[in-house]
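**Student:** Here it is: the structure, laid out below.
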Amino acid sequence: MSTDTAVGPPVSRTPAPPDSAPRPARHRTLLRRCLQSWQLYVLLLPALASLIVFKYWPMYGAQIAFRDYNPADGFFWSPWVGLEHFRTFLASYQFERIVTNTLTINTVGLLIAFPVPIILALIVNQLPSERFKRLTQTVLYSPSFISVVVVVGMIHLLFSPSSGLVNHAITLVGGEPIFFMGTPEWFRPLYIGSDVWQNAGFSMIIYLAALTAIDPSLHEAARMDGANRFQRIRHIDVPGILPVITILFILAVGNIFNLGFEKVYLMQTDLNLPTSEVINTYVYKVGLQGAQFSYSAAIGLFNSVLNLLLLLTFNGVAKRANQSSLW
């Protein structure tokens with residue numbers, strides 16, 4: 001028995017007409033989303049207003065760096081001089097000295113002071129007794145509450161050539177008293193050492209908070225595999241806080257041309273100026289004491305631009321290295 005199959009023309013399959021029913025919008029407009037969460041934006045308004053008023057609005061005054069500013073003429077009517085103040089600063093005999101001092105203190109301070117709180121946090125985190133751990137945190141953190149003025153006063157008392165404890169100890173071992181605050185070579189060690197003592201505890205708290213976010217099961221598994229304490233620190237703790245280390249290092253590098261004005265100025269004497277004169281103190285002296293407003297504004301703007309370039313550079317390097325970055 002045979003069956004015949006009829007072969008006809010191919011059946012054209014036309015797509016079904018789109019549904020005429022309106023589809024709900026996948027993405028709401030920005031205005032609609034803001035209106036739906038208006039309470040959060042109301043809470044955000046004071047912070048935004050403060051940022052605009054105190055950070056962005058004063059930026060219009062940066063134009064005095066490009067003018068021969070005269071308070072009587074104001075910002076807009078003072079004569080325009082362009083980059084003249086920048087050229088004057090770059091050609092100044094003070095330029096090399098103050099930039100070198102600023103970079104040296106900040107770079108050496110970064111190399112010495114930056115690892116200290118990391119090491120302290122790793123050590124404190126391994127303390128077995130919770131009570132002793134809290135006591136250690138309090139002792140290390142307490143110098144952060146001391147005023148800079150008090151810290152500088154303590155430095156003067158401890159290192160005084162006549163009544164300081166350090167010079168008394170040097171005399172007891174047969175040495176000669178040293179005028180620490182009047183010797184240019186001793187300014188940087190005193191500044192960096194006191195800065196580490198005062199601020200290491202505060203930074204240590206940040207790293208301890210990052211260490212608490214590490215899963216304890218990782219340490220338990222490492223103990224089961226026979227890893228000792230040093231191996232667990234190396235392979236669990238350090239990688240766990242590496243993103244925080246990267247972020248803080250980028251911020252520190254981006255601030256490398258900014259040195260705390262108050263402490264440097266209080267520690268300065270006429271004898272240690274060759275190593276203690278930095279950009280911030282120089283801006284204060286020529287700007288406020290010397291009334292060279294445009295010149296000091298140009299130096300400050302030059303300093304800020306350098307910090308911004310360093311911040312962008314190191315943030316890009318960290319991003320390319322597949323590490324954490326600011327953006």
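Values in this text are rule-based calculations from the coordinates and carry no lab data. This is a predicted model, so every value here is computed, not measured. Please note: Cβ atoms are built from the backbone with ideal geometry, for glycine as well, and neighbour counts cover all protein chains shown.
**Student:** Cβ-Cβ under 8 Å, sequence separation 6+ or interchain: first residue in region 227-243 and closer than 23 Å to A318 by Cα and free of Cβ contacts under 8 Å to residues at least 24 places away in the same chain, partner surrounded by 13 or more Cβ atoms within 10 Å (Cβ to Cβ) and not charged (D, E, K, R). Which pairs?
**Tutor:** H235/A222; H235/A227; I236/I214; I236/L218; I236/H219; I236/A222
**Student:** Which residue, of K285, K263, is farther than 30 Å from D68 by Cα, out of contact with any Pro (no Cβ under 7 Å at 6 or more places or on another chain) and basic (K, R)?
**Tutor:** Criteria check complete, one pass: K263.
**Student:** Which pairs have Cβ atoms under 8 Å, sit 6 or more apart or on different chains, and link a residue in region 169-187 that is part of a loop (DSSP other than H, G, I, E, B) to one that is surrounded by 14 or more Cβ atoms within 10 Å (Cβ to Cβ) and among the polar types (S, T, N, Q)?
**Tutor:** These pairs meet every condition: P177/N167; I178/N167; T183/N272.
**Student:** Which one of the conditions (1) assigned to a loop (DSSP other than H, G, I, E, B); (2) more than 22 Å from G193 (Cβ to Cβ) does I256 fail to meet, given that it meets all the rest?
**Tutor:** Tallying (1) assigned to a loop (DSSP other than H, G, I, E, B); (2) more than 22 Å from G193 (Cβ to Cβ), I256 fails exactly one: (2).
**Student:** Out of all the residues in region 120-151, which are within 23 Å of the chain's Cα centre (by Cα) and of a type in the set (V, I, T)?
**Tutor:** Answer for region 120-151, where residues must be within 23 Å of the chain's Cα centre (by Cα) and of a type in the set (V, I, T): I146, V148, V149, V151.
**Student:** Something else now. Identify all residues within region 189-235 that are touching a Gly at 6+ places or on another chain (Cβ under 9 Å) and either in a helix (DSSP H, G or I) or of a type outside the set (A, V, I, L, M) (or both); write none if there are none.
**Tutor:** Y191, I192, D195, V196, A210, L211, D215, L218
**Student:** In region 207-243, how many are among the aromatic types (F, W, Y) and touching a Ser or Thr at 6+ places or on another chain (Cβ under 7 Å)?
**Tutor:** 0
**Student:** While we're on this one: Can you go through F257, F249 and tell me which one is in contact with a Leu (Cβ under 9 Å, 6 or more places away or on another chain), in contact (Cβ under 8 Å) with a residue 60 or more places away in the chain, surrounded by fewer than 18 Cβ atoms within 10 Å (Cβ to Cβ) and closer than 30 Å to L312 by Cα?
**Tutor:** F249
**Student:** A further question follows. May I ask you to list the residues in region 217-231 that are of a type in the set (S, T, Y) and farther than 16 Å from N125 by Cα?
**Tutor:** Passing the criteria: none in range.
**Student:** If a residue counts only when it is without any contact (Cβ under 8 Å) to a residue 24 or more places away in the chain and of a type outside the set (A, V, I, L, M, F, W, C), which helices (runs of 4 or more DSSP H) contained entirely in region 61-147 have at least 2 such residues?
**Tutor:** Filter on region 61-147 gives 84-91, 93-113, 130-141.
**Student:** Which residues, taken from region 269-306, are buried (at least 18 other Cβ atoms within 10 Å of the Cβ) and part of a loop (DSSP other than H, G, I, E, B)?
**Tutor:** Once the filter is applied, which keeps residues that are buried (at least 18 other Cβ atoms within 10 Å of the Cβ) and part of a loop (DSSP other than H, G, I, E, B), region 269-306 yields N272, E277, V278, Q292.
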